[in-house]
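Notes follow once the structure below has been shown.
What follows draws every value from the coordinates through simple rules; no lab data is involved. In this text the structure is predicted, and so the values were computed from the model without any measurement. As a convention, Cβ positions derive from the backbone with ideal geometry for all residues, glycine included, and neighbour counts pool all protein chains shown.
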Amino acid sequence: MRRAGETWSAISRALGVSVSQLILWSRDPDAVARRRAACHRCGNALLPRMQYSALLGFYLGDGHISRAPRYYRLRITCDQSMPGIIRDVVDCIGAVRPSGKIFLSSHPGAVDVISNWQHWPCLFPQHGPGRKQERPIALEDWQRRVVADHQAHFLRGPFHSDGCRVTNSTCKVIAGAPKRYEYPRWQFVNASADIRALCCWALDLAGVAWRQSNPRVISVSRREAVAALDALIGLKS
């Protein structure tokens, strides 16, 4: 249209695009192609599989993607008292989206780790309207292969975001005297049956025994299973 002699104003009215944006496009016509190339799915960027597996777990545990006029916003909510987990999420996002900025937004008791990008739905096709527990959540084949190869990193996401490591205690009478026993356990709490099933699938892949202790809670409580999960994902910090 410009080569045909149209003015910027006429092109802007015809396409519904601002004059300033049209001028930017004309000065750098390859910008859109470069941004698309940075995507790991519709472009040719190499996916950092370990960090992506962990970020997928964090997203399913306590993450959210929202639509803005020019991009999608990935938000992972972290416990404010766990700076190690906040750094972990920042590092994972930085590895997956190395050229983007990462923002931290604090509110009472929590810190949101935020990254804006047009291509987040390409990497997280589970994104959709409404809450995750109100819609089906299923991994695509390429995501299942990533998790199968890096199940420990994936498990770090749900257990470090929507999970906890607690110490239970019991009292038994031994030789006529009460004796107190304490033992640790991991628990993952999520309202989505699909997400709980993905967590259990990854635990099975890792050879970690689990049980469903109530309709929303997955527990890892056997001594050897807790030790194995500790070694796989580390303690929350």
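Counting only residues at least eight positions apart within a chain, or on another chain, the aspartates and glutamates with an alpha carbon under 15 Å from that of residue 172 are 182. Charged neighbours of residue 51, selected by a Cβ distance under 11 Å, balance to +1 (K, R count +1; D, E count -1).
Counted by Cβ distance under 11 Å from residue 133, the other residues give a net charge of +3, where Lys and Arg count +1 and Asp and Glu count -1.
Sort 201, 117 so the one with the fewest other Cβ atoms within 10 Å of its own Cβ comes first.
Taking fewest neighbouring Cβ atoms as first place, the list is 201, 117.
Only one item in (i) 1, 6, 12, 15, 15, 13, 9, 7, 6, 5, 4, 3, 2, 1, 1, 0, 0, 0, 0, 0; (ii) 1, 6, 13, 16, 19, 18, 13, 7, 3, 2, 1, 1, 0; (iii) 1, 5, 10, 11, 10, 9, 7, 6, 6, 6, 6, 6, 5, 4, 3, 2, 1, 1, 1, 0, 0 matches P(r) over Cα pairs in 5 Å bins from 0, in percent derived from the coordinates shown, and that item is (i). Once the Cβ-Cβ distance of residue 21 and residue 103 is raised to the sixth power relative to R0 = 30 Å, the FRET efficiency obtained is 0.80.
Cβ-to-Cβ counts within 10 Å put 132, 101 in ascending order as 101, 132, the fewest first. Subtracting the Cα-Cα distance of residue 231 and residue 73 from 0.36 nm times their residue separation leaves 53.6 nm of extension gain. Long hydrophobic helices in the chain, taken as whole DSSP H segments with a C-alpha length of 30 Å or more on their own axis and mean Kyte-Doolittle hydropathy at least 0.5, are absent.
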